[in-house]
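Notes for the one structure printed next.
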Amino acid sequence: MAEPQNFMRVADPSPKRTLYTDAMEIFHRAADTIGLAPRVRLELEEPDYEHIFYVTAKLKDRLRPLHPEAARSFGDLPVTQVRDPNGLERLADGQILLNGKALLGSDVMIRRGHLRLADGGVYQLIPGESQRFKAYRVQHNQARGPYKGGIRYHREVSLDLFKALAAEMTWKTAIAEVPFGGGKGGIQIDPRQYGKEELEAITLRFMYKLKRLIGPNIDIPAPDVGTNGEIMALMMRQYLDGESERHVGRAIVTGKDVRIGGSEGRVKATGQGVIYCIEDYYADRGETLKGKTFSVQGFGNVGSNAAEIMAGLGGRLLAVNDSDGTVFNPDGIDVAALLAYVSDPKNLKRSVAGFPGAQKIEKKDFWEVPTEVLIPAALGGEITGEIAEKLKCKLIAEGANGPTTPEADRVLLKRGIDLIPDIIANAGGVTVSYYEWIQNKRMESWTEAEVNAKLEHALKRNYRIIRDISRNNPRKTEMHDSRPFTVGKQVEPRLAAMILALKRIEAHYIIEGFSQ
Ligand code: NAD
């Protein structure tokens, strides 16, 4: 038996470092730099609300492929002739779902729970069971407007991560000058292991539980990693189901399909915004994107659209890394061909791996490909201090949220590698989400050209303010006025962006005051 402990527990003098505390380092530095009012700092230091809840769903029967070694003992198992092959849904991880009555009317040969399909493989039949998933919604701050932020479906999520991402949204909405606060949430799930109908059931149940916490004027979700316009449509349907005023409630989510109230330009908006920022970075130096080499990490929504737009402006894509592989071509990758390869329905993982127009390299070598620009557009924490030491690019434009660790930031500064921080570089998504929200509220529909013109103006104007804060260059031009935001000394770009955000948020507390 353990000895009784009769000493007093003393608080750990150095609080535990987490992803959230790391992400908030820059907040505290900016708060110190501008002398942020102490109560405002307390308000922003922790989220308003942290919701954790669970959703359950009944899964379908599935066939799990047997390793060829194990399949040997089924050598003489005859092939099961499936009468309705459309009932078989192949997943990226090799499993096959049985939709509807896929095996009904087929000559099914099952031995010890296994069957052989026409592809020759032996599969174990796993009966569908119910499963529980952990879900989150963090509502960080709403001083400037309703909470706003994406829904992530990913295996590696946590309250700590969603707190960091929700806070980022608070800063980003302030920087983009859209009247929203910050939120983020999602489900701990690898969506590639589930079928279309299963994801539908899980998403509907998720919204069923989320409904009491959100609303078009309270908290507005959008797509993020692992979710898309289809998931948003399901969320909207569940939220508005049976509501008598359902047509005016479409602003409950953004990132919808344009045919059901989404905005033109929203799908490409984040990638488009990344490129507007890069374009402005070079315009400031009297240069264009023509001939500029670049590499991209992550070839999903943000990475692929950024690559396509940058290539369209004359940039040359040299390397792409995603979760399943890395491809490299020193002569330039044909972006249109790569997009076609990734979106081919036969490419179940939707990965760049195996693309015939480039050679395969290791992920560690991806970071050392010499390019002008690196666009991280995958997950957070990818550029560590160690990787930052090896990079051979001149500019990093952060398409992903939090791709660069605080340690890497210090290395980049030391090495003179320029940075366009995420809270401005990837703010295009939330900016066009705001345009979608207004269009829904007004029952309007804007053209892509209108949307892009507004987006370009919003991002370039605010990026210029950030550059001026960074250079301590207070000025008023036709496009922007940085005079209220500079701090009397030069600061690095990430700190400059945070200063802009905090000054805008603080104004709400100071002028509107606190209700209690
Ligand atoms: P997505 O799911 O469409 O694509 C993610 C891509 O990242 C995929 O190509 C995947 O293979 C790759 N990836 C995942 N893990 C990886 C790993 N460990 N190493 C290398 N590659 C990996 O997601 P998305 O919507 O393009 O979002 C990408 C990033 O951009 C995220 O950080 C997200 O928070 C951020 N972001 C997205 C939006 C948006 O509008 N979609 C807006 C702002 C910020």
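The values are calculated or read from the model by the stated rules, or taken from the named source; none is laboratory data. These figures come from a predicted structure and were not determined experimentally. In this analysis, Cβ positions are derived from the backbone assuming ideal geometry, glycine residues included, and neighbour counts consider all displayed protein chains. Note: areas computed on protein heavy atoms with side chains; ligands, DNA, RNA excluded. Shrake-Rupley method; radii C 1.70, N 1.55, O 1.52, S 1.80 Å.
Annotations for the structure displayed:
- Measuring spread by the Cα atoms of segment 427-489 yields a radius of gyration and Dmax of 14.7, 46 Å.
- Computed P(r) (all Cα pairs; segment 195-249; 10 Å bins; percent): 22, 60, 18, 1
- Ordering 98, 313 by accessible surface, largest first, gives 313, 98; the 1.4 Å probe counts only protein heavy atoms, with every chain in place.
- Measuring nothing but alpha carbons in segment 463-516 and taking Rh as the Kirkwood radius, the Rg to Rh ratio lands at 1.06.
- Kirkwood hydrodynamic radius of the chain, Cα pairs, Å: 24.7
- In whole angstrom, segment 376-477 maps to an equivalent ellipsoid with semi-axes of 31, 18, 10, each derived as √(5λ) from the alpha carbon gyration tensor and ordered largest first.
- Relative contact order computed over the chain (Cα-Cα under 8 Å; 6+ residues apart), in percent: 14
- Counted over the chain, the DSSP beta bridges are approximately 60% antiparallel.
- Counting only lysines at least 8 places from residue 390 when in the same chain, those with an alpha carbon closer than 17 Å to its own are 363, 364, 414.
- Per residue, the chain exposes an accessible area of 47 Å² to a 1.4 Å probe, with every protein chain left in place.
- Relative intensity, log₁₀ I(q)/I(0), of segment 184-299 from a Debye sum that treats every alpha carbon as a point, q = 0.21 Å⁻¹: -1.17
- Considering every alpha-carbon pair of segment 331-422, the percent of pairs per 10 Å bin, from zero through the bin containing the longest distance, is 16, 43, 30, 11, 1.
- Annotation: lysines with alpha-carbon distance below 26 angstrom to residue 476 (same-chain offsets under eight excluded): 172, 454, 460, 489, 503.
- In this structure, the amide hydrogen of residue 36, modeled 1.01 Å from its nitrogen in the peptide plane, lies closer than 5 angstrom to no residue at least 5 positions away or on a different chain.
- Reach of residue 346 by Cα under 19 Å, taken over lysines that are not fewer than 8 positions away in the same chain: 196
- In the chain, helices alone account for a calculated mean residue ellipticity at 222 nm of -11500 deg cm²/dmol, with every DSSP H run of four or more residues adding -39,500 (n - 2.57).
- Cβ-placed point charges (K, R +1; D, E -1), dipole of segment 427-516 about Cα centre in debye, nearest 20: 440
- Fraction of C-alpha pairs exceeding 27 angstrom in segment 30-177: 50 percent, rounded to a whole number.
- Cα convex hull, segment 266-367: 94 Å³ per residue, rounded to a whole number.
- Ranked by how many other beta carbons lie within 10 Å on average, peptides 385-398, 65-78 from highest: 385-398, 65-78
- Placing +1 on each Lys and Arg Cβ and -1 on each Asp and Glu Cβ, with no other charges, gives the chain a dipole about its Cα centre of roughly 440 debye.
- Euclidean distance between Cα centres, segment 447-516 to segment 202-254, Å: 31
- Based on the Stokes-Einstein relation at 4 °C and a viscosity of 1.567 mPa s, and on the Kirkwood radius from alpha carbon pairs, segment 45-94 is assigned a translational diffusion coefficient of 81 µm²/s.
- Packing, taken as the mean count of other beta carbons within 10 Å per residue, orders the peptides 169-180, 264-275 from highest to lowest as 264-275, 169-180.
- Dipole moment magnitude, nearest 20 debye, segment 397-453 about Cα centre, only Lys, Arg, Asp, Glu C-beta charged: 180
- Distance from the Cα centroid of segment 305-337 to that of segment 157-171 is 29 Å (rounded to whole angstrom).
- Anisotropy class assigned to segment 263-317 is oblate, per the alpha carbon gyration tensor with a/c at or over the 1.5 cut-off and a/b no larger than b/c.
- Contact order, relative form, for segment 231-333: 19 percent (alpha carbon pairs under 8 Å, 6 or more residues apart, mean separation divided by residue count).
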